[in-house]
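Asker: Before I ask anything, let me first share the structure, which is written out below as structure tokens.
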Amino acid sequence: MPGAAALRGTSRGGQLLCWRLPFTSRTGGPGSTVSRVSLPPAPLPGGPPPPGRWHRLRSRWAARHALPRFGFWLLSRGAVVLGTCGALYVLNGFLIGWANAYDVMTGITSPSGVHPQWCAWPLSLTGWAAIPAVIGAAAGYVITEQIQDHHARELSDVVDELRRLAEPSSGGDS
């Protein structure tokens, strides 16, 4: 029935109750009608427990594949490298001092010029090799994405867009 409005509720027996408002009764006259529709039995009180913290964490970790390539790379490979570099920097910060750790990591100071050297050498190597590699990989992914976006366009579309941009606008101020 067009324009029919109904209020719905559920009884304890698992049946759906529909109370039709007086202006929408089936008979067309004043008064209201109640119709019963069978529903499957309601679940037991309490139901299944909500997903735990471990399940939510696993779901989020599995959902990382839906990220763009750069985001996926940053979470899977880049986080490991950056975490290792950060841990080495913090360890050296406590052992040789924060200024010395920065100087060793950036190559200003030689790792043989600080004490203890056993932790300064790995920091120096990460600052010399790993950090530029991560920055280069991130830049490479971003540049690759941009190139692929532009290669996906037809040459005729690019030429048409360049012609459209080169034309002077017809409704501008003179």
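A short reminder: the numbers here are calculations on the coordinates, not readings from a lab. Please read all numbers here as calculations on a predicted model, not as lab measurements. Using ideal geometry, Cβ is built from the backbone for each residue, glycine included, and neighbour counts are taken over all protein chains shown.
Asker: First check a/c for segment 65-151, with a ≥ b ≥ c the square roots of the eigenvalues of its C-alpha gyration tensor; if it is under 1.5, answer rounded, and if not, answer prolate when a/b is larger than b/c or oblate otherwise.
Answerer: prolate
Asker: Return the whole-Å distance between the Cα centroid of segment 104-174 and the Cα centroid of segment 66-96.
Answerer: Here the answer is 18 Å between Cα centres.
Asker: Would you mind computing, in nm to one decimal, how far apart the modelled labels at residue 72 and residue 55 are, each placed 7 Å from Cα along Cα→Cβ?
Answerer: So the two model labels end up 2.7 nm from each other.
Asker: Now for a separate question. Report the Cα-based extents of segment 45-86 along its three principal axes, largest first, to the nearest Å.
Answerer: 50, 24, 8
Asker: Separate question: If you take the beta carbon distance between residue 165 and residue 112 as r and set R0 to 41 Å, what does 1/(1 + (r/R0)^6) give as a FRET efficiency, to the nearest 0.05?
Answerer: So the FRET efficiency works out to roughly 0.10.
Asker: With θ set to phi - 60° and the Karplus curve 6.51 cos²θ - 1.76 cosθ + 1.60, what are the ³J(HN,Hα) couplings of segment 45-60 in order, to the nearest whole Hz, using x for Gly and Pro?
Answerer: x, x, x, x, x, x, x, x, 4, 5, 5, 5, 5, 5, 5, 5
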